[in-house]
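Each remark here refers to the structure printed beneath this line.
The values are calculated or read from the model by the stated rules, or taken from the named source; none is laboratory data. Source: prediction; values computed, not measured. All Cβ positions, even for glycine, are placed from backbone atoms using ideal geometry, and neighbour counts span all protein chains on display. These accessible areas exclude ligands, DNA and RNA; they are computed on the full protein's heavy atoms, side chains included. Shrake-Rupley method; radii C 1.70, N 1.55, O 1.52, S 1.80 Å.
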Amino acid sequence: MRRMISDARRKLTPYLTLVVSAATAAAPTGAQSGTPDSSATGWTYESQSARFRVEVVATGFQRPSGLSFLPDGRLLVADRPAGTLSAIDVGSGVVTRIGGVPPVHAKVDGGLLDVLVHPDYTRNGWIYLAYAAELPEGNTTVVDRARLDGDRLVGIERLFAARPAIPNDNHFGCRLVLDRGFLFISLGDRDTRELAQDVASDDGKIIRLREDGTVPRDNPFVKRKGALPEIWSYGHRNPQGLALHPETRELWEDEHGPKGGDEINVIQRGRNYGWPVITYGREYDGRPVGDGRTRQAGMEQPLYYYVPSIAPSGMLFYTGTAFPGWRGNLFIGAMALTHLNRLVADGGRILHEERLLDDRQWRVRVVQQGPDGFIYIGVDSGMVLRLRPVEG
Ligand SMILES: [Ca+2]
């Protein structure tokens, strides 16, 4: 109860105190304790700008890592290590397995990484999948698209396979965004950090293709000899969050740093985001990365960074009406410091950070907005959950 009072008091002073310049991590606020329901199927939270309930939508997954809604209201779930795709009826919680999913390489960071229903699905029926695949020369991140025939994927097309394939199981990314005919793909450095600065490799890059997989002629490296024309930006470590800003239409990204130095970046055409030359993180044994620089001319500073690492994953700009206090906020799943990260952004600055659900020890891997305006998350204990507002 004491917690509820302190949270209520905090509600009176939202967003006032913490103004954070670029590349200055904030001390977050907002530790909470959820109150279990009498039914024990949910928890009620009093946060800084919303009172909400978390309820279980469906269970029985391993690590739900991609969530995307079909126009009929069903929620597609990509289960990363299981390599399965399912559709949840979010009203009843009934889960239907989707057939025809290609085989995935599911070791360590691999598996079925993301699923994305085309924004114009009603017209074209496309569903995009990103996953780690075993190719003859090694493992890599690939992107396919397919259509649904009943509960089965059909007509699978390979749109992209990151080059080079490498015989390890680490840092595959990957998130997908479709925007006005273009497909953006976030790719990890495959734990081969020098590749992130090498524009002859797809690893450690954001890729931009047309939505049919062809390379747009206005990509930044199309005319550079030896560079891969699909590259949009470079110098990334392991980006697992990607989202379009609802007003500016800028592409925002989050990526895992090493020990500390997880970043949020606003992605601009052709820019270098610095890994591994500059970082606010350190090696896992505490040594500096490289010569320990955090900035360098010609390399972009993160909009925001986290020390210690939260292990950021899926990213959502909330645009619904169910949570008026959260409109325009950025939500990021946190897998290391387990919580749902809420950020108040104003143009090019992060003004405030709140850590939701930090008493639950859920590794939040993906966050999505439902057509009902509620917020859906997938957590590594195999559940898909929903945040819905509570009156009063
Ligand atoms: Ca960076």
**OP:** Read through the list (1) part of a strand (DSSP E or B); (2) within 11 Å of the ligand (Cβ to nearest atom), then give the number of the only condition that VAL266 fails.
**Re:** (2)
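Go over the candidates TRP252, TRP275 one by one and state the one that is touching a helix residue (DSSP H, G or I) at 6+ places or on another chain (Cβ under 8 Å), over 20 Å from HIS118 (Cβ atoms), of a type in the set (A, V, I, L, M, F, W, C) and within 16 Å of the ligand (Cβ to nearest atom). So that I can check it myself, show each step before the final result.
Working: TRP252 fails: touching a helix residue (DSSP H, G or I) at 6+ places or on another chain (Cβ under 8 Å).
One residue alone meets the criteria, TRP275.
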Subject >> Extreme residue, most open to solvent (accessible area, probe 1.4 Å), among residues of region 187-242 that are outside any loop (DSSP other than H, G, I, E, B) and either aromatic (Phe, Trp, Tyr) or farther than 28 Å from VAL117 by Cα (or both) >> reply: GLU194
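Tally the residues that are within 14 Å of the ligand (Cβ to nearest atom) and either open to solvent by 50 Å² or more (accessible area, probe 1.4 Å) or at pLDDT below 95 (or both), restricting the search to region 311-322. Don't jump to the end; show me each part of the working.
Taking region 311-322 and keeping what is within 14 Å of the ligand (Cβ to nearest atom), we get 312.
Add one more test, that the residue is either open to solvent by 50 Å² or more (accessible area, probe 1.4 Å) or at pLDDT below 95 (or both), and what stays is none.
Counting residues in region 311-322 that are within 14 Å of the ligand (Cβ to nearest atom) and either open to solvent by 50 Å² or more (accessible area, probe 1.4 Å) or at pLDDT below 95 (or both) gives 0.
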Subject >> Hits in region 287-310 - residues which are open to solvent by 30 Å² or more (accessible area, probe 1.4 Å), in contact (Cβ under 8 Å) with a residue 12 or more places away in the chain and away from the ligand (no atom under 12 Å from the Cβ) >> reply: GLY290, GLY298, VAL307, PRO308
Original post:
Could you say which residue among TYR131, TYR121 is among the hydroxyl-bearing types (Ser, Thr, Tyr) and open to solvent by 20 Å² or more (accessible area, probe 1.4 Å)?
Top reply: TYR121
Subject >> In region 146-171, the residues that are open to solvent by less than 50 Å² (accessible area, probe 1.4 Å), within 26 Å of ASP218 (Cα to Cα) and touching a residue at least 60 places away in the same chain (Cβ under 8 Å) >> reply: PHE160
Original post:
If only one of VAL104, VAL90 is farther than 24 Å from ASP372 by Cα, assigned to a loop (DSSP other than H, G, I, E, B) and among the hydrophobic types (A, V, I, L, M, F, W, C), which one is it?
Top reply: VAL104
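Evaluate the following for ILE278: is it buried (at least 21 other Cβ atoms within 10 Å of the Cβ) and not in a loop (DSSP other than H, G, I, E, B)? First the steps, then the outcome.
Values: buried (at least 21 other Cβ atoms within 10 Å of the Cβ): yes; not in a loop (DSSP other than H, G, I, E, B): no.
Here the answer is no, as ILE278 does not meet what is asked.
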